[in-house]
1. So which of GLU49, GLU62, GLU6 is in contact (Cβ under 8 Å) with a residue 60 or more places away in the chain and open to solvent by 50 Å² or more (accessible area, probe 1.4 Å)?
2. Find the residue count for region 65-89, including only residues that are within 16 Å of LYS8 (Cβ to Cβ), exposed (fewer than 15 other Cβ atoms within 10 Å of the Cβ) and either at pLDDT below 95 or in contact with a helix residue (DSSP H, G or I) (Cβ under 7 Å, 6 or more places away or on another chain) (or both).
3. Criterion first (in a helix (DSSP H, G or I), modelled with pLDDT of 95 or more and not acidic (Asp, Glu)) does ILE42 satisfy it?
Amino acid sequence: MIITIEDKQFDTAKITQLYPAAVVKTGHEDETTQVSLEWLDIEAKGKVEVVGFGIFVNLGEEEKHSFIFDTKEEMDEAAGRIAAQLQTS
């Protein structure tokens, strides 16, 4: 099955991971990292600087795609569009 995320198409058979995450500053220059939304809601409690939210797609170990959004609401809308495509299969 082929799904579209933003303007890119992916074959679901090749996706090894598809997940949402928050993007936060690490504290080292402009470096960022991904953290789970659950960790952000429960553990972070204002301890980290959120710079965005993303949907991340891994195709095996080598190929990774990131879709970054300014707000959690925008990411949630994109996740809803992905879920709708998966439900129609």
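1. Values: GLU49 fails: in contact (Cβ under 8 Å) with a residue 60 or more places away in the chain; GLU62 fails: in contact (Cβ under 8 Å) with a residue 60 or more places away in the chain.
None of the others qualify; the one that does is GLU6.
2. Count: 1.
3. Values: in a helix (DSSP H, G or I): yes; modelled with pLDDT of 95 or more: no; not acidic (Asp, Glu): yes.
No, not satisfied.
The values are calculated or read from the model by the stated rules, or taken from the named source; none is laboratory data. Bear in mind that the values here come from a model prediction, so they are computed numbers and not experimental data. With ideal geometry, Cβ positions are generated from the backbone for all residues, glycine too; neighbour counts draw on all protein chains shown. When the accessible area is computed, the model is the full protein with side chains, heavy atoms only, and any ligands, DNA or RNA have been set aside. Shrake-Rupley method; radii C 1.70, N 1.55, O 1.52, S 1.80 Å.
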